[in-house]
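Below is one structure, written out as structure tokens, with a few remarks after it.
The values are calculated or read from the model by the stated rules, or taken from the named source; none is laboratory data. These numbers come from a predicted model, not from an experiment. All Cβ positions, even for glycine, are placed from backbone atoms using ideal geometry, and neighbour counts span all protein chains on display.
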Amino acid sequence: MVKVITYGTYDLLHYGHIRLLERAKALGDYLIVGVTADAFDQARGKINVQQSLVERIEAVRATGLADEIIVEEYDGQKIDDIRRYGIDIFAIGSDWEGHFDYLRDYCRVVYLPRTEGVSSTDLRTQSRNVRIGLVGELNMVNKFEAESHFVNGVTISGFYAEEQTFLSEAITRLPLNAKNLDELLDVSDAVYIVSHPAHHYSQVRQALLRGKHVICEAPTTLLSEQWDELTALAQQQGCILMDSVKTAYSLAYSRLLLMAKSGKIGRIVSVDAVCTSLTDLALKRGKDLSNTWNSMCQWGPTALLPVFQLLGTDFVQKSVVSHYSDEHDGLDLFTKVSFVYPHAVASIKVGKGVKSEGELIISGTEGYIYVPAPWWKTSYFEIRFENPADNLRYFYQNDGEGIRYMIISFLQSIARNEHLTYIQPEVSRAIVSEIDYFTHSDNVVKI
């Protein structure tokens, strides 16, 4: 029996894929098809995959051409698979000509001609062509625009910003520098909002009433009831309303969540997250700070994310202490929030006028996960145990700080008309609730 193996992503399976599988099948008696896992695709920079691994496997199975389907999950697996399955022929598309010649030491390598005129990239671009307008002044606008170039089917239609001091040249050269939000909405299918949090509610509401999809930098609003209203409005309008917390879409962060929830460190009893920076206030020293995000709004959503995603939102007690400064127009320079759960505790520290070690520590009954500063941009974390010899280290590629994957999730949500966000609705609402409490409660201790 002659065994043949081939690999691919098989996203949006099309005629070209089928023809390639047919050619591979004709080379032998038994065809094994390796379908690349989502994480492996992301790690090697293939970020525009629209279908889940399960959907792609089922599409390959439905062709009836594969005698066996396996999942490709890591570098070097092709050699392992060739040895494990006793492969005689490795087959791959001719666009990889020469790339896999090193496998000739293990089996015969055949480069198959591809079907001209059809590709998953083209299909993805045709099926999604979303015009996104940019709203706001923070540096995140620049990052969002830059990362959009890595995603198929996205056009940045223009921008609207009251203050353009920190906008990049790429932003100011966009087709439209809108005089108001309505002008931008006229040429957009969706908007990314990163204006001052005080403007979020009115801008999100205005966009939704115009039937536009919205991705808004958290917090979406400053009041819980406003979040409820906007969520209901988005559903009524058939629009996607999505939180933007880029860390949620970082590959390393996603993996550490899975490991923590899987019991790798036992039962989780504590989550401690620290996010601080001094740059923003330093740049604006001596200037009007009325349009500056305070520490809780800028860093609170990011710091709260692992707390609520790991421990849930049903805490039984909390305390909030903030350090304010008259010199900085009443901004909180540093805020600490402590939570008590029935079987766990958590804390966050956020600051724009106080610097601390920006680490994340998740403590369990059998070990702990340590993520070094700045943990919200992490590509590396450790699982540490009582015996240091048992410690594990994990490294992941962190393309675009998670922003490009966030854009892809937004586009997929629009295309399928369902929320495919990595942030659960109850977490989004809990984040807004904490911002609401911080902003309006008399129980916040001010020092």
Exercise for the section: Test Lys261 against the criterion of being of a type in the set (Lys, Arg), within 22 Å of Leu420 (Cα to Cα), crowded, with 17+ Cβ neighbours inside 10 Å and modelled with pLDDT of 90 or more, and give yes or no. Expected result: no
Problem - Of all residues in the stretch 344-357 being surrounded by fewer than 18 Cβ atoms within 10 Å (Cβ to Cβ) and charged (D, E, K, R), the one that is nearest to Ser277 (Cα to Cα) - result: Lys355
Handout entry: Test: residue in the stretch 405-428 that is free of Cβ contacts under 8 Å to residues at least 24 places away in the same chain, out of contact with any Lys or Arg (no Cβ under 7 Å at 6 or more places or on another chain) and under 15 Å from Arg255 (Cβ atoms)
Key = no
Problem - Test result for Lys355, charged (D, E, K, R), assigned by TED's automatic domain parsing to the domain that holds Ser295, at pLDDT below 95 and within 17 Å of Tyr249 (Cβ to Cβ) - result: no
Handout entry: Conditions (1) of a type outside the set (Lys, Arg); (2) touching a helix residue (DSSP H, G or I) at 6+ places or on another chain (Cβ under 9 Å); (3) at pLDDT 95 or above; (4) assigned to a loop (DSSP other than H, G, I, E, B); number of the one not met by Thr292
Key = (3)
Fill in the blank from the handout: If we keep only residues of the stretch 71-85 that are surrounded by 12 or more Cβ atoms within 10 Å (Cβ to Cβ) and not aromatic (Phe, Trp, Tyr), then the residue nearest to Met1 (Cα to Cα) is Ile82
Completion exercise
Those residues of the stretch 78-94 which are within 23 Å of Tyr396 (Cα to Cα) and without any contact (Cβ under 8 Å) to a residue 12 or more places away in the chain amount to Asp80
Practice task
Please work out if Ser347 is assigned to a strand (DSSP E or B), of a type in the set (Ser, Thr, Tyr), in the same structural domain as Cys275 (by TED's automatic domain parsing) and touching a residue at least 40 places away in the same chain (Cβ under 8 Å).
Solution key: yes
Problem - Residue satisfying condition, being hydrophobic (A, V, I, L, M, F, W, C), at pLDDT 95 or above, in contact with a strand residue (DSSP E or B) (Cβ under 9 Å, 6 or more places away or on another chain) and not in a strand (DSSP E or B), within set Phe339, Phe315 - result: Phe315
Exercise for the section: Working only within the stretch 11-41, note down all residues that are touching a residue at least 60 places away in the same chain (Cβ under 8 Å), under 26 Å from the mean Cα position of the chain (by Cα) and crowded, with 18+ Cβ neighbours inside 10 Å. Expected result: Asp11, Leu12
Exercise for the section: Select from the stretch 391-423 the residues that are over 15 Å from Glu217 (Cα atoms), within 14 Å of the chain's Cα centre (by Cα) and of a type outside the set (Ser, Thr, Tyr) and list them in ascending order. Expected result: Gln397, Asn398, Asp399, Gly400, Ile408, Leu411, Gln412, His419, Leu420
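Conditions tested, residue by residue: (1) surrounded by 14 or more Cβ atoms within 10 Å (Cβ to Cβ); (2) within 30 Å of Asn152 (Cα to Cα); (3) in contact with a Pro (Cβ under 8 Å, 6 or more places away or on another chain); (4) aliphatic (A, V, I, L, M).
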site: Leu331; (1), (2), (3), (4): yes, no, no, yes
site: Val337; (1), (2), (3), (4): yes, no, no, yes
site: Pro342; (1), (2), (3), (4): no, no, no, no
site: Ile369; (1), (2), (3), (4): yes, no, no, yes
site: Glu386; (1), (2), (3), (4): no, no, no, no
site: Asn398; (1), (2), (3), (4): yes, yes, no, no
site: Tyr405; (1), (2), (3), (4): yes, yes, no, no
Practice task
Would you check if there is a residue in the stretch 223-231 being in contact with a Leu (Cβ under 8 Å, 6 or more places away or on another chain), assigned by TED's automatic domain parsing to the domain that holds Pro301 and not in a loop (DSSP other than H, G, I, E, B)?
Solution key: no
Fill in the blank from the handout: Among strands (runs of 3 or more DSSP E) entirely within the stretch 50-119, at least 1 residues that are within 33 Å of the chain's Cα centre (by Cα) and closer than 30 Å to Thr421 by Cβ occur in 68-72
Completion exercise
When restricted to Asn391, Asn417, the only residue polar (S, T, N, Q), under 26 Å from Val141 (Cα atoms) and either touching a Gly at 6+ places or on another chain (Cβ under 9 Å) or modelled with pLDDT of 95 or more (or both) is Asn417
Practice task
Please verify whether the stretch 158-167 includes one or more residues that are of a type in the set (S, T, N, Q), under 22 Å from Ile407 (Cβ atoms) and not assigned by TED's automatic domain parsing to the domain that holds Thr365.
Solution key: no
Completion exercise
Restricting attention to the stretch 374-394, the residues that are touching a residue at least 40 places away in the same chain (Cβ under 8 Å) and not in a loop (DSSP other than H, G, I, E, B) number exactly 7
Problem - Residue check for Ser202: surrounded by fewer than 17 Cβ atoms within 10 Å (Cβ to Cβ), modelled with pLDDT of 95 or more and polar (S, T, N, Q) - result: yes
